[in-house]
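This report concerns only the one structure given below.
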Amino acid sequence: MPVPAPAPLQRSASALEAAVETETETVLDGGPGTGVPGPGGPPAAERGATGPGAGDLTLLVIEDDPAGTFSVPELLDSSHTRVRVRRARNLTEAERLLTDDVHCVLVDLALPGGADGPGPLQQVLRLAARQAVLALTTSDKAEQATEAVRAGAQDHLFRDELDGRLVRRTVRYAVERKRADTAQRKLAESRLRAEENARLERGLLPTPLLQGSPLRFAARYRPGRSRALLGGDFYDTVRTPDGTVHAVIGDVCGHGPDEAALGVELRIAWRALTFAGLCGDELLATLQRVLEHERESEEIFATLCTVDIAPDGGSAELCLAGHPAPVLTREGGPAALLPHETGPALGLLPCSRWPRHRVELGGEWSLMLYTDGLIEGRSGPGERQRLGDEGMLAVVDRQLSAGLGGEALLDSAIAEVRGLNGGDLTDDLAVLLLSGP
């Protein structure tokens, strides 16, 4: 009795197709009724559609197979995920079918590439930058498959070992691996940007120029934005050749990076104008023009306080543009706000004027300039009332009674203000302390 010849192996497709339903979408034009979704919305691979029960996966197969024998079953498992197949005979056809809902691309490495250009895998990696990519070859070309993975493919399949269950599992793993790689790359890019921003912000923080001055300087800065180094508040201190010490503190409304950048611009402009000899009303009018040219909208404004301390340290001249008045402390006395007159904030009114007020500092003194982040917190845990000027003066008095000064005074005062607020302050905070002579 003759032995029947074995049936040719058809990539295990015929047996699987008899057991489960299959779907193929070898469509070129993507028109109505073709089953090819149109573009729009984020790619399915980025919508998280590959988790359990999240929906089907779409595989684009690129191979020139006249027999059309390549097929993948819609194999349902506990995750209720199917793999749907869309076929393209060449790279030009594949580019038409590579819509946003494609999760994975399987490319036959035997496809011809350009005359002198990249091979099919390189072209697919360029076209399908957001999709997982699988390489298709034969088992006798294992080195070619390894090289494809090294070049950027998520995995490979051997044509003569194809199995519906294997294909579905490989596609799912490849899609998840692509998503993990993309997330890891974005995380690395985010960390790099954060490090670059931190270096930039550290470089933009002021270095006081007080060489030759007997005054002692201390400052603290805390932006309201999470993980930021700079906010809309700014400060600076310089000594000009005549021995005068000039200090500024300001607050750009808002808390974002644009406000922080504008604050840096105003600080740098203040330093340059101060060294050029401008002060008082002339200085603030020029800074207002800078603000008006650099701000994103006409609703942006900035408050400002400038103090010019005489070379002997016995007196100062004060200008306020909508900003809280500094706190003056003398040895043995309570903290008090400097006598002051206030003009409008920069950017609110055109052709404004800012009065310059002379104050006597006395012998040993400390002058604290601050932004409103220090006084806008709560006056106590669970309280609705703001701390305000009076509450802040009481806080400073308690630090002075404890014998604190300089940086220790600032650290302790800020810690107490945070404690009264019941946690971190939401507004930017800058505090500058000058003591002398």
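Structure notes:
- Selected residue [touching a strand residue (DSSP E or B) at 6+ places or on another chain (Cβ under 7 Å), more than 22 Å from residue 313 (Cβ to Cβ), open to solvent by 40 Å² or more (accessible area, probe 1.4 Å) and of a type in the set (D, E, K, R)] from 360, 383, 416, 376: 376
- In region 381-399, the qualifying residues are those that are closer than 12 Å to residue 419 by Cα and under 33 Å from the mean Cα position of the chain (by Cα), and the one that is modelled with the lowest pLDDT is 382.
- Residue pairs meeting the criteria (Cβ under 9 Å; at least 6 apart or on separate chains; first under 22 Å from residue 231 (Cβ atoms), in region 241-256; second among the acidic types (Asp, Glu) and part of a loop (DSSP other than H, G, I, E, B)): 251/427; 251/428; 252/428; 253/299; 255/427; 255/428
- Taking each residue of region 402-422 that is closer than 18 Å to residue 221 by Cβ and looking for partners that are small (Gly, Ala, Ser) and not in a helix (DSSP H, G or I) with beta-carbon atoms closer than 7 Å, six or more apart or interchain, yields 406/218; 406/435; 407/218; 410/218; 417/377; 421/377.
- Exactly one residue out of 328, 346, 337 is crowded, with 23+ Cβ neighbours inside 10 Å and of a type in the set (A, V, I, L, M): that is 346.
- Among the residues of region 235-257, those that are closer than 30 Å to residue 310 by Cα, open to solvent by 10 Å² or more (accessible area, probe 1.4 Å) and either among the polar types (S, T, N, Q) or within 23 Å of the chain's Cα centre (by Cα) (or both) comprise 240, 244, 251.
- Scanning region 385-401 for residues that are out of contact with any Gly (no Cβ under 6 Å at 6 or more places or on another chain) and without any contact (Cβ under 8 Å) to a residue 40 or more places away in the chain yields a count of 10.
- Matching residues in region 387-424 - criterion: being touching a Leu at 6+ places or on another chain (Cβ under 8 Å) and more than 21 Å from residue 330 (Cα to Cα): 387, 417, 418, 420, 421
- Boolean, residue 224 is touching a helix residue (DSSP H, G or I) at 6+ places or on another chain (Cβ under 9 Å), assigned to a loop (DSSP other than H, G, I, E, B), buried (at least 16 other Cβ atoms within 10 Å of the Cβ) and on the phi > 0 side of the Ramachandran plot: no
- Single residue of region 143-179 satisfying the filter (open to solvent by 70 Å² or more (accessible area, probe 1.4 Å) and among the basic types (Lys, Arg)) that is farthest from the chain's Cα centre (by Cα): 165
- Restricting attention to region 72-129, the residues being modelled with pLDDT of 85 or more, over 23 Å from residue 169 (Cβ atoms) and acidic (Asp, Glu) number 3.
- Any hit, region 222-233, residues being touching a His at 6+ places or on another chain (Cβ under 8 Å), free of Cβ contacts under 8 Å to residues at least 40 places away in the same chain and among the hydroxyl-bearing types (Ser, Thr, Tyr): no
- Residue 298 being in contact with a Leu (Cβ under 7 Å, 6 or more places away or on another chain), open to solvent by 10 Å² or more (accessible area, probe 1.4 Å) and either free of Cβ contacts under 8 Å to residues at least 12 places away in the same chain or at negative phi (or both): no
- When region 258-280 is filtered for residues that are open to solvent by 40 Å² or more (accessible area, probe 1.4 Å) and closer than 20 Å to residue 316 by Cα, the ones remaining, listed by number, are 271, 275, 276, 277, 279.
- Filtered residue count, region 238-266, keeping only those that are charged (D, E, K, R) and touching a strand residue (DSSP E or B) at 6+ places or on another chain (Cβ under 8 Å): 3
- Within region 83-184, strands (runs of 3 or more DSSP E) holding 1 or more residues that are free of Cβ contacts under 8 Å to residues at least 60 places away in the same chain: 104-108, 132-137, 155-158
The values are calculated or read from the model by the stated rules, or taken from the named source; none is laboratory data. Only a predicted model underlies this, so the values are computations on that prediction, with no experimental measurement involved. So basically every Cβ, Gly included, is an ideal-geometry build from the backbone, and we count neighbours across all protein chains shown. Note: areas computed on protein heavy atoms with side chains; ligands, DNA, RNA excluded. Shrake-Rupley method; radii C 1.70, N 1.55, O 1.52, S 1.80 Å.
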